[in-house]
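The values are calculated or read from the model by the stated rules, or taken from the named source; none is laboratory data. Please read all numbers here as calculations on a predicted model, not as lab measurements. In this analysis, Cβ positions are derived from the backbone assuming ideal geometry, glycine residues included, and neighbour counts consider all displayed protein chains.
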């Protein structure tokens, strides 16, 4: 059941949708406009900053890291999604729950755990040195940053691809199997072309995450644009703002390229069937489990083990520790705050970006593309810049002022920052709802809203939930905007982890991190994973 | 299916509203807002004591000192903050330079040595942390330790001394060195450290961890990170070495407090600083956070050398704020950032 959609054709955007897209677009221009204004206000010598030698090197690092992480994450994310959704991989219900979770580690926690684990004299070294292993690979610099970011960002690819696969009719794969093709051939010739959109969407997010990451690159000593923005932010503000603009520019170029590639691509609309297909892995069954176990062992179990070790050491220590709270009960409210912020932001973000995704995917609208670019660029700007832009727009505004440092405005900051994660997944979701079905419903007399609610929305659900899941997990670990804009007393697990690490309370931070992982696991299962499977 | 989705949205909304309701109380006249670069664990008990004694409620926003300074800068006169506490004198200097800080009453500024007060009396030091050399006692014996931080450029220390050139306290230390020895000698020292290929770390705690693991022999840090590390794991072989008192390497970096010029309750705001500089609060700092109290007559934390022996009054703290952009240029030019 594959049909080519009318590629390239442009249908006029309905007025109401156009208006909605325009409003949403203006909203997302906010942070970018702030960066531009700051550059003008500070009189930044933009050309001078961008082309000086100490900018070129970090720029090269950012691009190289972004591309490398995007490539490795898309390979791993896609492979893992196919194995867990489509095959008879043993224990796949468990793997489906575990696979999206590494996204929830704040990257500084992941990097710290990796260094404690693998650095010379670290835990692994202590375990291996009696066995005669004397030197471990150096994890600092590019190698470490690439590894950490790959381990913790591949879910950006995994979730959209898994959602796409679970919405995909298995008929083609079945035919291919009946014609005697092996699992790998089926994957390459049937599955890959159908999931390409989702893979692209995910890798773009990974790229943007990698170029805007601060935690892992500073801890692992890899000098990127974002690292420079952070070190210049207070005492060399013109340069920091010029670099932020450059980062935003890089994001826009990448979005533009991605859209251009996307436009030339053939659209494949697929209707769904409820018959689940399971590819039998045969003799690849156990090697596949081993590969998945080794990978998730490193991405999830490794950090959890290190955190668990720290927590256990702190909790079992009988020292009268100064300022060391390891009381799990005190984490209850932060956990509630994190969960509430994550859920709310996920719902709002999906609702806000859906019209834009609809306009770009359905109508190939230029207005939609422009709005989309701004949404995506918001993900590349460092969180602290997003937060400051909101201060700038809200502090003097007549109505917004009253909402300053309240929950609604904090959610706005999260949506501005993470909207991109929902929009890319939403576009994939819109692609998954064939126009034909809506048209058929229309000929049967169904009104626009009814069509949307009864036909299109259910078809888009897996994709939208994947997007919502990404936004939720990202929000729960967000730090800079939370610290600056949350209502006073609105501690989250992320701020608890940060506070503990700031005061050197390793055990306390580890306990909070473990609670964050547990809450994320429960929420992703309840809100996203269980439902993706049910659709 | 849709029903369950909508239901989870409503549940989330309800939880969030309930949570927001718990977190916020109507501000009264006796409520002040504090932006604190000092983390919750290290200051909340003192804030509670302050409220008990004065009836003034404190609403604290915790964050990174530099980011809170940026926030205050962006908020301008509309800032809800009344008091700011910063771990970085540089960030306070920046705010003072922009006219955002009020002049403090003399009963506050006279509590501490003039060396710990901004030259325009806009901020005051509350506690201090001392720059030390942390070393791994399994790799380094006591007689291999330098007599001065200036000796670390000796080739025998090549590759062995961890530094955090992008970290605020390293920058403060370099500013002090400029103040003490002049730019050209400071530059020579930085270049020497660069030639020695001193390993870079993002922050103090990372250096302490690396020394503890034996990844490097020693590192330049603030004194209390190692004390924290030992609390987490007493078996770690990392030891703080306090440089001689007259050495520029033994700089005291203050955590400072200030009142915002835009505060609508300046009296209550100044009262908080009065409390933090009271004998009781200062003794509490020494006992609980192992930082040096700055008020005279209060003992240093147990087991640490007394602050009086360290060269504190020779450093002009005003320069630590104003001179920071010059310091960053010197650090960058030296090539110590790797």
Single residue of region B:214-229 satisfying the filter (surrounded by fewer than 23 Cβ atoms within 10 Å (Cβ to Cβ) and more than 25 Å from residue A:230 (Cβ to Cβ)) that is modelled with the highest pLDDT
B:217
Could you say whether any residue in region A:391-411 is under 24 Å from residue A:107 (Cα atoms) and in contact with a helix residue (DSSP H, G or I) (Cβ under 6 Å, 6 or more places away or on another chain)?
yes
Only one of A:186, A:148, A:161, A:157 is touching a strand residue (DSSP E or B) at 6+ places or on another chain (Cβ under 7 Å), in contact (Cβ under 8 Å) with a residue 40 or more places away in the chain and surrounded by 20 or more Cβ atoms within 10 Å (Cβ to Cβ), namely A:186
Residue tally, condition surrounded by 20 or more Cβ atoms within 10 Å (Cβ to Cβ) and either within 12 Å of another protein chain (Cβ to nearest Cβ) or not in a strand (DSSP E or B) (or both), over region B:241-262:
5
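Residues are listed down the side, and each one gets a yes or a no for (1) in a helix (DSSP H, G or I); (2) at pLDDT 90 or above; (3) buried (at least 17 other Cβ atoms within 10 Å of the Cβ):
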| residue | (1), (2), (3) |
| --- | --- |
| A:274 | no, no, no |
| A:283 | yes, no, no |
| A:286 | yes, no, no |
| A:294 | yes, no, no |
| A:307 | yes, no, yes |
| A:313 | yes, no, no |
Quickly run through region B:194-211 and pick out the residues that are surrounded by 21 or more Cβ atoms within 10 Å (Cβ to Cβ) and assigned to a helix (DSSP H, G or I).
B:204, B:205, B:206, B:207, B:208, B:209, B:210, B:211
Subset of region B:99-143 [without any contact (Cβ under 8 Å) to a residue 60 or more places away in the chain and either touching a helix residue (DSSP H, G or I) at 6+ places or on another chain (Cβ under 7 Å) or under 17 Å from residue B:274 (Cα atoms) (or both)]
B:103, B:106, B:109, B:110, B:121
Within region A:391-409, the count of residues that are facing another protein chain (nearest Cβ under 10 Å) and under 27 Å from the mean Cα position of the chain (by Cα) comes to 8
Out of B:273, B:304, report the one residue that is assigned to a loop (DSSP other than H, G, I, E, B), touching a strand residue (DSSP E or B) at 6+ places or on another chain (Cβ under 9 Å) and modelled with pLDDT of 85 or more.
B:304
Count - residues of region A:139-165 that are in contact with a helix residue (DSSP H, G or I) (Cβ under 6 Å, 6 or more places away or on another chain) and modelled with pLDDT under 80:
1
Yes or no: residue A:343 within 10 Å of chain B (Cβ to nearest Cβ) and buried (at least 24 other Cβ atoms within 10 Å of the Cβ)?
yes
Go through (1) closer than 17 Å to residue B:248 by Cβ; (2) without any contact (Cβ under 8 Å) to a residue 40 or more places away in the chain one by one and return the number of the condition residue B:230 breaks.
(1)
Checking A:385, A:348 in turn, the sole residue that is within 14 Å of chain B (Cβ to nearest Cβ), within 30 Å of residue B:64 (Cα to Cα) and surrounded by fewer than 22 Cβ atoms within 10 Å (Cβ to Cβ) turns out to be A:348
Hey, which of the helices (runs of 4 or more DSSP H) in region A:371-432, taking only ones fully inside, have at least 2 residues that are closer than 22 Å to residue A:227 by Cα?
A:383-394, A:407-432
Could you tell me which residue of region A:228-267 is modelled with the highest pLDDT, considering only residues that are away from every other protein chain (no Cβ under 14 Å) and over 25 Å from the mean Cα position of the chain (by Cα)?
A:242
Take the residues of region B:146-169 that are in contact with a strand residue (DSSP E or B) (Cβ under 6 Å, 6 or more places away or on another chain) and in a helix (DSSP H, G or I): which is modelled with the lowest pLDDT?
B:169
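Would it be correct to say that residue A:24 is farther than 30 Å from residue A:412 by Cα, in contact with a helix residue (DSSP H, G or I) (Cβ under 6 Å, 6 or more places away or on another chain) and either modelled with pLDDT of 85 or more or in a helix (DSSP H, G or I) (or both)? I'd like the intermediate steps shown before the answer.
Working: farther than 30 Å from residue A:412 by Cα: no; in contact with a helix residue (DSSP H, G or I) (Cβ under 6 Å, 6 or more places away or on another chain): yes; either modelled with pLDDT of 85 or more or in a helix (DSSP H, G or I) (or both): yes.
It is false that residue A:24 is farther than 30 Å from residue A:412 by Cα, in contact with a helix residue (DSSP H, G or I) (Cβ under 6 Å, 6 or more places away or on another chain) and either modelled with pLDDT of 85 or more or in a helix (DSSP H, G or I) (or both).
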Starting from residues that are in a loop (DSSP other than H, G, I, E, B) and closer than 17 Å to residue B:230 by Cα, keep the ones in region B:122-145 and report whichever is farthest from the chain's Cα centre (by Cα).
B:138
Unmet criterion (only one of (1) surrounded by fewer than 23 Cβ atoms within 10 Å (Cβ to Cβ); (2) within 19 Å of residue B:170 (Cα to Cα)) for residue B:265:
(2)
Among helices (runs of 4 or more DSSP H) entirely inside region A:452-519, those with 3 or more residues being within 12 Å of chain B (Cβ to nearest Cβ), more than 22 Å from the chain's Cα centre (by Cα) and within 20 Å of residue B:35 (Cβ to Cβ) are A:493-502
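Checking the structure you have, find out if any residue of region B:228-240 is at positive phi and within 12 Å of chain A (Cβ to nearest Cβ).
no
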Considering only region A:168-183, how many residues are in contact with a strand residue (DSSP E or B) (Cβ under 8 Å, 6 or more places away or on another chain) and either over 22 Å from residue A:283 (Cα atoms) or buried (at least 19 other Cβ atoms within 10 Å of the Cβ) (or both)?
5
Segments classed as helices (runs of 4 or more DSSP H), wholly inside region A:190-252, with at least 3 members that are closer than 21 Å to residue B:94 by Cβ:
A:225-232
